[in-house]
Every structure is written in C-alpha cells, then in structure tokens.
Amino acid sequence: MLILTCPAQLQRLEETLRRSLPLALPVYGAVMNINRGNPAEFEVVVDSWPNFGAVLARRSREVASGAMGRGGHMVPWHMPSGLRTPLAPSPSPGEPPSRPLPVAGSRHRPLLMAAPRHRLAPGVRVGSLSPAHVDLLNETWTYGGNARSRRYLAELLELFPSLCLQDATGQPLCWALTDPFGTGTHGYTLPAQRRRGLMRAVLTLATQRAQARGFPYFG
C-alpha cells in the first residue's frame, strides 16, 4: 500500500475518481478536501500507483481498526474491475482543471435539486451552527451521547460547513452537518418542528452550497 503525498498525484486521483462517480463517492469527497487545504489532516492510501484498484481515505497515520464511517475516520473503496481505466490525463499548462460534475443520485441518498415547495414560515431563517451547539448535537445524534462523539462533532463544526434553520431567537430548529468525506451527516429536526418541510429545505440549500464549492452532496 502506498500513501500519496505528491499534489500532482492527488489531483490526478481526484480527476480519476470523478470519472467513476457515483461509485467513488465514499472517497471522492475526502480526496477533494485533501486537495483543498486538508482541514481534517487526512491521507490517501492506494494499493498501487499509477494503476490502482483500491483507495483508502483515513486520518493521517491512522492504523486500520475497523472503525469506518459514522464517526470513524476511514473509508475504503475498491474500483470495480470493469470500470478500471487509465488515470485521467494531467491538464495541459494553462488549461483550467475540469469541474466536478453534479451527482444526481447513487446508492446513497439521492441529491435534492429542486427548490423547497413552500417558503419558510415567518420567523424562520437560514443560519449555521457553531461550537456552542455541540451539546445539542451530541444529545440528538443517533451515534452520540458520549465524549468521543462530542469531540467528533466539535471537529465537524470547526472544520466543515454546516447549515441550519433557526427561529427568531437564533435557536436551531433543523440542521445538517458535513463530514471529512463530504457526506451530509447528522440531519435532524426537533420533534416539535417536524412535518413542516424544514429538512427538505435544509438539504436543498446544503446541496446548492456544496455544488457551488464544486462538491457533490450525498448522505
């Protein structure tokens, strides 16, 4: 297994994974984040280079332990043999890199591309979460309720985009986070606020913002 550290190799890997969407979604977002400042200090491991068949995105210097996804830090991906193609060619000097294509759907939750059917109710506004909300998130997350999950959620709030709908006092009513793999995670609506279309609005806005940054949005 080889750890890719060369920026040119990582960029070529991103281009190749983009051509394999949506199957490559589990690692594509992580590679995009690595190539854009690497806020979570991840690394990419491949089985060989340049003709790779497997990719592993993980925390730098993290050893495989079986804790993958849902608060874990590793996601492996194996390219189906029928889809293995040569690496995408490097762009010519002066040629802008190709833009990631929007992903209309996959075996993950399909993207929501349409605008919300109804306008937000009076007093409901769009905002983002802050570290001050970490206890609320930890209490409401299916995988939360412990010190490890709290640290993980605090990291997401600090490093990656989040979006929420708030009431007039700034209290979050509905929200969604983004993890190091580019996945939409911990989507939640307070029980008293459900059946109002709030989550649909949050996911639609999150999709639009992610794609404006060149990222696919999935969950």
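The values are calculated or read from the model by the stated rules, or taken from the named source; none is laboratory data. From a predicted model like this one, the values you see are computed outputs, not experimental measurements. Cβ placement follows ideal geometry from the backbone for every residue including glycine, while neighbour counts extend to all protein chains displayed.
Reported count of residues in the range 17-38, each being modelled with pLDDT of 95 or more, touching a helix residue (DSSP H, G or I) at 6+ places or on another chain (Cβ under 8 Å) and not in a helix (DSSP H, G or I), is 1.
Looking at (1) at pLDDT below 95; (2) in a helix (DSSP H, G or I), find the lone condition where Arg151 falls short. With (1) at pLDDT below 95; (2) in a helix (DSSP H, G or I) applied to Arg151, the lone miss is (1).
Does any residue of the range 203-218 turn out to be outside any helix (DSSP H, G or I) and among the aliphatic types (A, V, I, L, M)? Working first, answer last.
Start the filter on the range 203-218 by keeping residues that are outside any helix (DSSP H, G or I), which leaves 213-218.
If we keep only those that are among the aliphatic types (A, V, I, L, M) too, we end up with none.
The answer is no; no qualifying residue exists.
Checking each residue in the range 137-192 for being over 16 Å from Leu120 (Cα atoms) and among the polar types (S, T, N, Q) picks out Asn138, Thr140, Thr142, Asn146, Ser149, Ser162, Thr178, Thr183, Thr185. In the set Pro93, Pro102, only one residue is modelled with pLDDT under 55 and either loosely packed, with under 12 Cβ neighbours inside 10 Å or in the same structural domain as Ser20 (by TED's automatic domain parsing) (or both); that residue is Pro93.
Do we have Val63 as among the hydrophobic types (A, V, I, L, M, F, W, C), over 21 Å from Pro216 (Cβ atoms) and at pLDDT below 90 here? The answer is yes for Val63.
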